[in-house]
Structure formats: structure tokens, C-alpha cells
Amino acid sequence: MTLELDVTGRRILLRGCNDRTAALAVNLLSQGAVVGVDAGQLTTAVADLLARGLISHAEGANLGEFDLVIGVDTRATMTTRQRESGRVTLIGGGPGNAGLITVAGMDALQRADVVVFDRLAPLSLLQDLPARLIDVGKIPHGPQTAQEAINEILITEAGKGLDVVRLKGGDSFVFGRGSEEWRACTDAGIAVEIIPGVSSAIAAPELAGIPVTHRGLTQGFTVVSGHVPPGDPRCTLNWPALANTGTTLVVLMGVKNLAPIAAELVAHGLAAETPAAVIADAGLPSQKVVRASVEEIAGAASLAGIAPPAVTVIGDVAGLDLG
């Protein structure tokens, strides 16, 4: 939604909440507005925007405090068309900026009957789609939709003869559980199409002016998940080896465990002064970049209030700034 008036710095209240409210809020934020929402029932995507501090909860607020009030229709009006056989399309939507989805991904969204989306998908694209929307976001330490439930939604909706799109942030097969959804659908006899996306592992550093490779500094990069810390029984990573690869290390989902990860790397030979950077909300107006040595990066990120989603880059390239 692009308003014909200039909303830069304007306080806008969204009254009500439906499956397109998060998309409307993100579009208004991209136009420079300050957004509040007045609703008793929140979708996961809207709750996530609130938790990240991108919008405010203004339930029962004085309307006079806002420059514009937009009523959100909470009635279900979407209709879908049935086909003889349904299908599921797995789309990687990129790091969150609507312009970074592929042309093939955008075409699939436009023809979809149902879109099943995550909180880190490019939400602004959803507002004007003719499809029915299903929010299955997973907020860290908050509301979660179990993966088994998501699989069942995809199978059930496609089983009705519908064109179902599963929209994620980044790329579906890079820590996105896309392969699990692909297998669940194919095991159920549902046809699956896969459309790759731009992974935040590369895009987030790049949007911050940091190349993951650079001639004379590194000949490769390694991408790992930091969702469990070193020493945790669930961790299968060889952190001593990672400390000595000589490549750029990119850590996804590692905000909470950044301190033990950095300490483990230094303990196993990575120089304490090695440059590091954390990029939060890459590609969005709220993007934030924090730089420090690997020894100090966890403290610097904490001091800056960095919260997920964020990507950490460790290596000499983090000392470059092409921005």
C-alpha cells in the first residue's frame, strides 16, 4: 500500500488486525511512517513486529494522538479456486526487502490460492495478493507453529486442489526446513516446485557493505547455525576446526549464543582481534550494523540492543566497509 500523501514521520494507527495487517504495517514503515496497532487479537506476524520494536501496541489509544487512522477489515473475504490436483511451491523470499524476491517467486505468489508464510518473509508483498493467507511464524521464545503442523497445512490445502505457496525468508533450503516440507509433501503424493531465494548468509553482510570473500583476505566462507552453543549436547559443529579454517565465518541464528561462540573460537586459536560484525534486520529500514573484534562483538551487540533476526560475520572481511 503506497499512500498518495507523504507519511514520513506521521503517526498512523491501524485499528483491527487481519492476515494482511503486518504487510500494511511494513509498507507504511518503508514510507517513513510511525505505526501503532489497536487490536485485541494479534496475528503472529504483527506480534513479531511489536516484539522487534518496529511498531507500537496502541490498544485503546486516543485517536487524536495520530495523524491518520486506518480501519482494518477483520472479515474473511478471500475466495479460492479448486483444481483437479493441487501443488505446493516452496519459495525463498530473500532477507526481507520486497525487492529481493526473484521474478519466479513473485510470479508464483501472484497465481497462488493460498500463501503459508513465515515472520521473516517479505511481508509487504502480501497485502494486495488475491490469495488466502496463513501465518505460521515462529517467534524466538514466543508463539510457535510446530513444523509438523505446517507440513499438515501444506498437504491439506494442496489436497483440496489448490495452488499453495510456502513463503519463507532467505532460502528455503538454508536452515529453512524446506527439505523437510518437500519430503512431507512428496511422501503425501503432492507435487512440489522449488524456487530458490537470496540467502541472508550472503545478502545481510553484502547489504552492510561487507563481502564474504575478498581477494587477498579470504578464499571462502563457511555458514553455520548458532541456535545451540558450543558444548551443548545438540551441537554437532566442530568449533576447534571452524576456528582454523582461514575462511570467513557466517553465523545464522546466533544472537543468543554469540558470547560462548566467540569465546570458543578464540580459545581454539582464532585471534582475539579478528574483525567481526553483526547485521540485524538486513535490507529493512530498521537495519543496524555493529562492528567490533571477535573478542568484543557479543558485548557490543548486546549494548546496541541487537535482537534476532541477525547475521554475524567473523573474519578479516568484517574489517572492510564498502557501504
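The values are calculated or read from the model by the stated rules, or taken from the named source; none is laboratory data. Bear in mind that the values here come from a model prediction, so they are computed numbers and not experimental data. FYI the Cβ positions are ideal-geometry reconstructions off the backbone, even for glycines, and counts take in every protein chain you see. Heavy atoms of the whole protein, side chains included, go into the accessibility calculation; ligands, DNA and RNA do not. Shrake-Rupley method; radii C 1.70, N 1.55, O 1.52, S 1.80 Å.
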Practice item. Rank these residues by their accessible area, most exposed first, probe 1.4 Å: THR247, THR312. Key: THR247, THR312
Practice item. Please give every one of the lysines within straight-line cross-link reach of LYS160, meaning a C-alpha to C-alpha distance under 26 Å, and leave out same-chain neighbours fewer than 8 residues apart. Key: LYS138, LYS168
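Viscosity 1.002 mPa s, temperature 20 °C: give me the Stokes-Einstein translational D for the chain in µm²/s, with Rh taken as the Kirkwood radius over C-alpha pairs.
103
Rolling a 1.4 angstrom probe over the protein heavy atoms, how many square angstrom per residue are accessible across the chain?
Per-residue accessible area for the chain comes out at 46 Å².
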Exercise for review: Would you mind classifying region 272-323 by shape? Square roots of the alpha carbon gyration tensor eigenvalues, ordered a ≥ b ≥ c; an a/c under 1.5 is rounded, otherwise it is prolate if a/b is larger than b/c and oblate if not.
Suggested key: oblate
Study note, to complete from the structure: At q = 0.23 1/Å the base-10 log of I(q)/I(0) from the Debye formula over the alpha-carbon atoms of region 252-302 is -0.82
Point to revise | Residue (of ILE210, THR274, THR89) at the positive-pole extreme of the chain, dipole from beta-carbon charges | key: THR89
Practice item. Report, to two decimal places, the Cα Rg of region 131-269 normalised by 2.2 N^0.38 Å (N = number of residues). Key: 1.27
Revision key, fill the gap. The size of the Cβ-based charge dipole (Lys, Arg +1; Asp, Glu -1) of region 228-323 about the Cα centre, to the nearest 20 debye, is 260
Point to revise | Cα gyration tensor, region 1-150 - rounded (a/c under 1.5), prolate or oblate | key: prolate
Exercise for review: Let me know the charge dipole size of the chain about its Cα centre in debye, to the nearest 20, where only the beta-carbon of Lys, Arg (+1) and Asp, Glu (-1) is charged.
Suggested key: 240
Review point. Counting alpha carbon pairs within less than 8 Å and at least 6 residues apart, what relative contact order, in whole percent, applies to the chain?
Key: 16
Revision key, fill the gap. Charge tally for neighbours of GLN287 with beta carbon under 15 Å away, counting Lys, Arg as +1 and Asp, Glu as -1, is 0
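In deg cm²/dmol, rounded to 500, what helix-only [θ] at 222 nm does the chain give when every DSSP H run of at least 4 residues adds -39500 (n - 2.57) and the total is split over its residues?
Calculated at 222 nm, the ellipticity per residue is -7000 deg cm²/dmol.
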Exercise for review: Take the Cα pairs of region 208-298, get the Kirkwood Rh, then feed it into Stokes-Einstein at 20 °C and 1.002 mPa s and tell me D in µm²/s.
Suggested key: 156
Review point. Using unit Cβ charges (K, R positive; D, E negative) and no other charged atoms, how large, in debye to the nearest 20, is the dipole of region 76-210 about its Cα centre?
Key: 120
**Study point:** Whole-number Å³ per residue for the convex hull built on Cα positions in region 208-250
**Key:** 73
**Study point:** Of all DSSP beta bridges in the chain, antiparallel share, percent nearest 5
**Key:** 35
Review point. In whole angstrom, how far apart do the alpha carbon centroids of region 111-128 and region 48-62 sit?
Key: 21
Check your understanding: Which of the aspartates and glutamates could a cross-linker bridge to LYS288, judged by Cα under 15 Å and excluding same-chain residues fewer than eight apart?
Key -> GLU206, ASP321
Practice item. Would you rank LEU50, LEU14 by solvent-accessible area, highest first, keeping every protein chain in place and using a 1.4 Å probe? Key: LEU50, LEU14
